[in-house]
Amino acid sequence: MKAQPVTVPAITARKNSGKKITALTAYDYSFAKLLDTTLIDILLVGDSLGMISQGHENTLSVTLEDVIYHTRSVRRGAHRALIVADMPFMSYQVSVEQAVTNAGRLIQQGRAAAIKLEGGARVANKVHAIVQAGIPVMGHVGLTPQSIHQFGGYKVQGKTFLDSKQVRQDAKDLQKAGAFSLVLEGIPQELATEITHDLKIPTIGIGAGSKCDGQILVIHDLIGLNPEFTPKFVKRYAELSDVIQNAVTEFIDEVNSEVFPGPEHTYNLKKVALKKVNYDR
Ligand code: KIV
């Protein structure tokens with residue numbers, strides 16, 4: 001039987017259901033197809049693709065066209081998980097009109113089911129307008145990587161009383177604006193727990209402790225394809241860099257020693273045909 005697609009209402013209904021939401025990033029067809037064979041709930045086409053797929057040092061140079069391109073690839077691979085596309089830097093900050101138009105492109109051209117954008121109170125009017133257009137919005141507060149220059153780097157947010165009050169208020173404003181879920185990134189567990197209690201919509205944590213309604217990680221971090229990136233919040237469940245390096249080294253050795261390709265990988269002429277062919281050697 002074909003698995004039922006995960007929907008936005010199904011994600012919202014997870015709140016207080018006793019079953020956590022699990023989310024991972026995906027950027028291409030092959031990974032999306034593989035991840036969709038598991039019970040993962042959400043595939044986020046994150047603007048982390050700037051670092052993971054494009055080799056940039058941060059997310060700031062990712063364009064809307066980049067996210068559309070990657071979302072289309074992910075959509076071709078995944079038919080069960082909910083596909084959420086990230087709105088990149090400067091694709092929603094300028095005006096409400098710009099935000100709605102670009103969110104629409106991620107749905108229409110990227111074929112995402114929902115969008116995610118960063119920020120709290122200051123983007124609430126955009127979230128409201130996008131939701132009014134019929135597009136589900138996932139919020140994202142705390143350590144929002146598109147604001148790293150304002151933060152002075154990747155620093156845990158909400159550590160002082162005033163900062164924590166602001167993050168808590170941001171979360172409430174996003175819920176009021178109509179967000180269906182909220183990513184809490186890089187904040188103390190105590191604050192994430194409070195916000196999770198405050199809200200009717202589910203929280204999805206990354207570097208926010210275990211009390212959120214769900215967890216999200218960058219897939220390359222989880223499987224050890226980004227081994228030099230070792231922040232505290234990442235757990236590596238596999239060491240695929242080692243697996244790939246060993247496989248490629250073995251391939252190189254076997255090509256040099258003519259072990260590969262072996263007879264089982266080689267096409268041969270039938271004996272009769274072989275006799276008719278005039279080979280020099
Ligand atoms: O871009 C991204 O990958 C993200 C998640 C890690 C939350 O925003």
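Where a number appears in this text, it was derived from the coordinates with a stated rule and is not lab data. Note that the coordinates shown come from a computational prediction; the quantities given were computed from them, not determined experimentally. Cβ placement follows ideal geometry from the backbone for every residue including glycine, while neighbour counts extend to all protein chains displayed.
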Formal net charge of residues neighbouring A13 (Cβ-Cβ distance under 12 Å; K, R +1; D, E -1):
+2
Please give the peptides 145-154, 210-219 ranked by average Cβ packing (other Cβ atoms within 10 Å per residue), highest first, as a rough proxy for protection.
210-219, 145-154
Suppose each label sits 7 Å from its Cα in the direction of the beta carbon; what would the S53-S257 distance come out to in nanometres?
3.9
Connecting C-alpha atoms closer than 10 Å in a GNM of the chain, tell me which of L182, L117, L34 has the biggest fluctuation.
L34
Ranked by GNM mean-square fluctuation in the chain (Cα springs under 10 Å), the top entry among V234, V259, V45 is V259
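What value, in deg cm²/dmol to 500, does the helix sum -39500 (n - 2.57) over DSSP H runs of n ≥ 4 give at 222 nm once divided by the residues of the chain? Display every interim value, and only then the final one.
Numbers: 12 runs with 110 residues, N = 281.
So the helix-based figure for the chain works out to -11000 deg cm²/dmol.
Scan the range 232-277 for trypsin sites (Lys or Arg not before Pro) in coil per DSSP, keeping those whose Cβ has at most 12 other Cβ atoms within 10 Å, and list them by number. Intermediate values should be presented prior to the final figure.
Values: sites: K232, K235, R236, K270, K271, K275, K276; in loops: K232, K235, R236, K270.
In loop regions of the range 232-277 (DSSP not H, G, I, E or B), the sparsely surrounded trypsin sites (Lys or Arg not before Pro) are K232, K235, K270.
Under 8 Å for C-alpha pairs, at least 6 residues apart: give me the relative contact order for the range 8-236, rounded to a whole percent.
18
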In this model, which of K20/K232; K2/K172; K116/K165; K15/K126; K116/K159; K15/K176 are farther than 27 Å apart at the alpha-carbon?
K2/K172
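For the chain, what is the charge dipole size about the Cα centre, in debye to the nearest 20, if Lys and Arg each add +1 at the Cβ and Asp and Glu each add -1 at the Cβ? Kindly include the intermediate steps, with their values, before the conclusion.
Details: 31 positive and 28 negative charges, 227 e Å.
Rounded to the nearest 20 debye, it is 1100 debye.
Roughly how many debye, to the nearest 20, is the charge dipole of the range 144-281 about its Cα centre, given +1 on each Lys and Arg Cβ, -1 on each Asp and Glu Cβ, and no other charges? Intermediate values should be presented prior to the final figure.
Values: 16 positive and 18 negative charges, 88 e Å.
Roughly 420 debye for the range 144-281.
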The chain, Gaussian network, Cα under 10 Å: of E185, E264, E250, the residue fluctuating most is E264
Assuming R0 = 30 Å, can you tell me the calculated FRET efficiency for the pair Q98 and T37, based on Cβ-Cβ distance, to the nearest 0.05?
0.20
Would you work out the relative contact order for the range 209-281, in percent, from Cα pairs under 8 angstrom that are 6 or more residues apart?
18
Quote to one decimal, in nm, the extra length available between V272 and Q189 on full extension: 0.36 nm per residue of separation minus the C-alpha distance between them.
22.5 nm
At I244 and S210, where each label point lies 7 Å from the Cα along Cα→Cβ, what is the point-to-point distance in nanometres?
3.1
Enter the Cα centre distance for the pair the range 103-120 and the range 158-188, rounded to the nearest angstrom.
20
